[in-house]
Amino acid sequence: MFDPAEYTILIVEDERDLQVMVAQHLVDEGYRTAQASTGLDALTHLRTRPVDLMLLDIMMPGFINGLAVLKIVRDTPELAQIPIIMTTALADVQHVKTALELGASYYLTKPYKLREVTARVEGILRERSPRGRVALASRQIRIAQR
Amino acid sequence: MRPDSLPRAIWHRGRWILLFNALFCAWLVARPGGHDAVAAVDDVAQFVGPLLALPLCVGDLPRRRARDGSAAPVALRWSPILLGLGILSFAVGQMIWTFYEQVLRMAAPTPSWADVAFLSAYPFCMLAILLLPARPMPRVERLRVALDGLMVMIGVATFSWYFVLGPSLAQSSNTLPAKIVAGAYPLGDLMLIACVLLLAGRLGTRALRPAARIMCISLVVTAITDTLFDYQTLHNTYATGNLLDVGWPLGYMGLGLAAYAIRLAAASDTAGEADAAVEARDGAGEDAGAAVAVHAEGAPVVVPPLWRALLPYVAIPAVGTLLIYAWFNRGDESVGPNVYVGAVALVVVVLLRQVLSIYMNRLLYVQLATHAESLRSLHQREHEARAAAETALRVRDHFLRSASHDLRTPLAMIMGRLERVELRLERGRAVEPAWLAEQTATMSRAAERMLSTVEEITDAAQLQIGQTLALRLAVVDLGEVVRAIAGMVADANTWPGAPSVSLETAEGVLVEGDRARLERVVQNIVGNAVKYSPHGTPVEVRLQVQEDERAVILTVRDHGVGIPPEDLPRLFTPFYRASTSIGIAGTGIGLAGCKAIVEQHDGQIAIASAPGEGTTVTVTLPKAALAPEGQDDADRDLELAG
């Protein structure tokens, strides 16, 4: 059984209204949330508290933007496994490509549907959960047997 | 086989002329029926041939295209008729000659009426040639053609004098008419050659080219035949029935064909266009430079083949050879010395031609240098324009992405909040008024933000096409605006390490202006200061009243990334963003809009900056009167008086 309450999601977004809205929605859906407004903020949070998934905005003030955070996270062994969904108002192919190459799990273009946010978050977390991993492995075995 | 340059109609008639003369030639070679019969046929054929060619010179040709009813130029209508008269003169002369030879059974006396008719053919032909419109030519070029022609003429004249003209004059009986007639034929031929040169040098307009070619060939044939005839008569070797006789019908029938070609050209449109070109040349002035310029802009420059340019110089070895020949055959004292005169004249003309060549070379060099220079500057301008266009494209591309960002973010908030309401309703959960109020509040904030962006884009678009903004004027407390905006900007930038915004505003700073737009100016400037201070260096906002109470000054200073000096002049260009703005969100329309808004408020905006040290933006706006209108006016009057 998938229980959202088991997971903490870090929302990194410089637009405060947006950050609060996404957080409230995820809380409504049963998740635990944490929030950060800048890249630096997010990295500080990641080092001190456990996070199961991160929603990461690309364009943020300060020197560390979303892509930089992504790269740092992927380069840090203890954080590298955290799934990251990039959120961006830039429908910029180059940014999306860079993000996926750097190891983003998925990307959402603003304005995004909150339903899509929860669907993606749940999908990724299910695959990552022990039960999900067992399901995935058995599916792969079935495919291999065929 | 028809030469490519010859119209079909001309070639068609030319074939009959060739056939006639070929048969004539064959007759003279085969000589059937003994000398008398051949001579009779010869005499008759010589006037029948030209008479057959006469219809080619007259009559109207259907115009290929009606061109507003305008007739062909006068010259083109008269030239064929004059040629026809020339041919007729020759035919009449030949008829008289035939009358003497065949009816009276005697050689025509010198002078006779035959000579009058023969000789009158020359002026008609010359006039016909001189009437033809010449190719437009700059003055220097015309001088060159004249000198080249003169070289050939001197050569031909020297030969003619030595072999034909001089001996003819010397040999003829001493009566004046006899001398005149004896000299007139070679002289007439010389004039015809001169006309040919004129024609060849300024070979008519494009439409007239076939006519000019045929005419040249015909005249050369006639002149050679005449000269050989004179030479043979001089040495008593000529008799009627000589193969030489083919030359006259061939030459004069050729002139008839040329007349036909001229009429054809006159009937076509191109002749009219050619005349227009001549007129254009005359209008452009006689200056060589201008004519070349007309040339350069109009038809492609045609470079004549080398052999044609070298042709006149054949006169030099020819006269040189004649000189040596005359030297070794000294005998006739009346003829010999004139060869030397001809040689000296040739040397003088060649020298002049050389001087002209040097002058033309200089002229061409100057033109070349000017062209090269203009080409260089053109290249430079093209390069700059391309660079500007590329920058504009890049800048606009960036603007579109940024504008999309600035609209998508608030849109995401509105859509998200709406979705939250929907989800609650779907799941049947309670929608408390407080919760709903929170949702709508965020939504309206986001909507306002979108509106502001849209307005900014609209303003930018309006400014781009050079329209002024419609201001909604009211008295605005600028201090209040600055405080509100600074607070808002500070609230929006609470992330750790965000720059602090310090505020220092005077009380009751009133300006007359458009509140929404002034808010946007302050928002842009303060927002920029925060945006471009990534290290959290403080931002200082200061609003003060100028000492003379005339203006208010808003100063926003940051210690952020700064702006490179080369970007400063272009900061107010719509969509332009400084090189230090890479990685920072923004449309680039802000400052351009600010400048337009401030200037429409009769104010000024100035930016001072150094990379790495920060930027100071100063906005000066006229202060609104605090006191009632009348008192203010009185103050002003007093100040003016003082």
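Using the Cβ atoms and a cut-off under 10 Å, what net charge is assigned to the surroundings of A:VAL12, where Lys and Arg are +1 and Asp and Glu are -1? Don't jump to the answer; show the numbers that get you there.
Working: positive: none; negative: A:GLU13, A:ASP14, A:ASP41, A:ASP57.
Its environment carries a net charge of -4.
If the cut-off is a Cα-Cα distance under 26 Å, which lysines reach A:LYS110, setting aside same-chain residues fewer than 8 apart in sequence?
Output for A:LYS110: A:LYS71, A:LYS97, B:LYS531.
Under a plain spin-label model, where a point goes 7 Å from the Cα along Cα-to-Cβ, how far apart in nm are B:LEU243 and A:PHE2?
Placing both labels 7 Å along Cα→Cβ, they lie 11.3 nm apart.
Highest first, please rank the peptides B:593-603, B:175-185, B:382-392 by the mean number of other Cβ atoms sitting within 10 Å of their residues.
Working: B:593-603: 20.5, B:175-185: 16.0, B:382-392: 10.6.
Order by mean packing, descending: B:593-603, B:175-185, B:382-392.
Please express the shape of the stretch B:386-532 as an equivalent ellipsoid: the semi-axes are the square roots of 5 times the eigenvalues of the C-alpha gyration tensor, given largest first in whole angstrom.
Values: eigenvalues 194, 119, 60 Å².
Here the semi-axes work out to 31, 24, 17 Å.
For the modelled label position 7 Å from the Cα of A:ARG115 along Cα-to-Cβ, which residues of the stretch B:407-437 have backbone nitrogen atoms closer than 19 Å?
Those under the cut-off are B:412-430.
What distance in nm lies between label points placed 7 Å from Cα along the C-beta direction at B:ALA606 and B:VAL74?
Each label point lies 7 Å from its Cα, and together they span 7.5 nm.
Could you size up the charge dipole of the protein assembly as shown around its Cα centre, putting +1 on the beta carbon of Lys and Arg and -1 on that of Asp and Glu, and report it in debye to the nearest 20? Spell out each step's value before the answer.
Numbers: 72 positive and 81 negative charges, 757 e Å.
Using only the charged Cβ atoms, the result is roughly 3640 debye.
Only residues of the stretch B:420-457 count here: report those whose backbone N is under 20 Å from the spot 7 Å along Cα→Cβ of B:LEU469, or say none.
B:447-457
Ratio of alpha-carbon Rg to the 2.2 N^0.38 Å globular estimate for the stretch A:3-53, to two decimals, please.
Working: Rg = 10.6 Å, N = 51, 2.2 N^0.38 = 9.8 Å.
In units of the globular-protein estimate, the stretch A:3-53 measures up at 1.08.
Determine the gain in length on full extension of the stretch B:LEU451-B:LEU104; use 0.36 nm per residue of separation and subtract their C-alpha separation, reporting nm with one decimal. Write out the running numbers ahead of the final one.
Values: separation 347, 0.36 × 347 = 124.92 nm, distance 11.67 nm.
Here the answer is 113.2 nm.
Please average, across the residues of A:12-21, the number of beta carbons from any other chain that are within 10 Å of each residue's own beta carbon, and give a whole number.
Working: counts 0, 2, 7, 7, 7, 14, 7, 0, 3, 13.
Counting Cβ atoms of other protein chains within 10 Å of each residue's Cβ and averaging gives 6.
Using a 10 Å cut-off on Cβ atoms, rank the peptides B:548-556, B:313-321 from the highest mean neighbour count down.
Working: B:548-556: 17.7, B:313-321: 15.2.
The most tightly packed comes first, giving B:548-556, B:313-321.
Measure of size requested: the Rg and Dmax of the protein assembly as shown, with Cα atoms as the atom set and Å as the unit; please supply both.
Just the Cα atoms of the protein assembly as shown yield Rg and Dmax of 50.2, 144 Å.
Read the figures in this text as sums done on the coordinates, not as results from a lab. Note that the coordinates shown come from a computational prediction; the quantities given were computed from them, not determined experimentally. Every residue, glycine as well, gets a Cβ built from its backbone with ideal geometry; the counts of neighbours run over all protein chains shown.
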